[in-house]
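Contents: one structure, followed by commentary.
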């Protein structure tokens, strides 16, 4: 599959073109130089051929961070097959642009000069200045107004081989989406979050169960048919790497992938756009997402607020989270708040104590005790110490992820659940509620990822949270639920 790299100096419209070509608002765009820092990759359809599109950071310099961004961008261009070099058509040609353009031409790639921001016919005259670049592959476009983009698409199309044509059944669907990115007044309205599922976040219980009536009225009637299981993509594990700024999230992603995928620098808040990358391990697809570092609300500046919204979106679409902590420094209240996002999204979890190579290892027991004390709501999450910088013990994470995914995706037979429940009831009977006897009829698991268990009883309100915790502990003693939350739903028999 051909790789297409969009490259150029900051604020020329690279991410906006990227969004238009992928036909959705994926990359964060703003007027702030350095918004894009890592190379973002997405599959794209050019008319009816598939390619891999790369959005790169601006070619700027002057500090450690911008130098690293420029290095990554040029590296991506060298690995691409087609290069779209973008410039700002509202300005006169820069000598730095000419120099970089000539260097890219020497790579033997297909290189086009894309002059953006030609928003009207009068501005077409600006194109003449750019012919001094000495190329016939020059395209004056306006991404924001969707002007003159078709000739550019046709030029790219001619350079993608016929073997990359997609199936005909998808062509109509793609044609319908030509103008998905419309001209808009706000750069960031696409970060609005869908609120329709807010009512599900109510403690331990959520998701309705479509229950069938049981003819057997005994206390432990056996039936697995409350709800069909949805175990699609059980072999695909989506893992978000979260934590506050400068704890080593990007370094951990690079160590897990075995390549310098994400820009790493000493500048806090280096990562803006979440970066995702997949690898295959023992027959499973692991997709790691390096998210923006989180700060205290009062310290969030500029485009970081949009990056944090995107982090929330990534967590909502993940199965597991790696909560990265700095093992060489004392824990902060902010670490607890960030970890709370894992609990609210019902994710499987591993707590990663990074920078263990410079931590005081003699205080290991004390540090672990402190983590457990602060993160009581993640008591189910295993803790691993490692160094992303030196890659020490990073390899241990892969097998941990697979094991926890098994726990997160497992289905416990109803008969086994009710055996544990019966023993728990015999050992500690449910207390009455206002003199009324509380009865549990049976329990059955109705969903996975995470495991969700319905407890059918005569008075659901009578299941006190302390008894839920007691039942959770009994289930964890009987089954391997390490790394995963276990959720209950109390309901009446026949309740939909």
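Under the 0.36 nm per residue contour assumption, what length would be gained going from the current alpha-carbon distance of residue 153 and residue 376 to full extension?
74.9 nm
At a 10 Å Cβ-Cβ cut-off, how would you order 100, 107, 417, fewest neighbours first?
Ordered by Cβ neighbours within 10 Å, fewest first: 107, 100, 417.
Roughly how many Å is it from the Cα centre of segment 76-91 to that of segment 308-357, as a whole number?
That distance is 36 Å.
How far apart, in nm, are the 7 Å Cα→Cβ label points at residue 233 and residue 363?
In this crude label model, residue 233 to residue 363 measures out at 4.1 nm.
In whole Å, what is the distance between the alpha-carbon centres of segment 92-151 and segment 388-446?
A separation of 60 Å, based on Cα centres.
Could you tell me whether segment 71-166 comes out rounded, prolate or oblate from its Cα gyration tensor? Rule is a ≥ b ≥ c as square roots of the eigenvalues, rounded for a/c under 1.5, then prolate if a/b exceeds b/c, otherwise oblate.
Note, shape of segment 71-166 comes out oblate.
Could you list the residues of segment 85-124 with an amide nitrogen less than 14 Å from a label point located 7 Å from the Cα of residue 132 in the Cα-to-C-beta direction?
Answer for segment 85-124: 91-99.
Along Cα→Cβ, 7 Å out, is where each label goes; now give me the distance between the ones at residue 71 and residue 119 in nm to one decimal.
3.7
Order these peptides, 325-338, 5-18, by their mean beta-carbon neighbour count within 10 angstrom, highest first.
Order by mean packing, descending: 5-18, 325-338.
Would you please give the FRET efficiency between residue 287 and residue 433, computed as 1/(1 + (r/R0)^6) with r the Cβ-Cβ distance and R0 = 51 Å, to the nearest 0.05?
Efficiency computed from Cβ-Cβ geometry: 0.65.
Please sort 39-47, 459-467, 360-368, 80-88 by packing, taking for each peptide the average over its residues of neighbouring beta carbons within 10 angstrom, highest first.
80-88, 39-47, 459-467, 360-368
For a test of the definition: using alpha carbon positions, the gyration tensor, and the 1.5 limit on a/c, classify segment 428-496 as rounded, prolate or oblate.
Note, shape of segment 428-496 comes out oblate.
Laboratory data are not the source of any read-out in this text; all were calculated from the coordinates shown. Computed from a predicted model, the values in this text were never measured in an experiment. Reconstructed Cβ throughout: ideal geometry from the backbone, glycine too, with neighbour counts over all protein chains shown.
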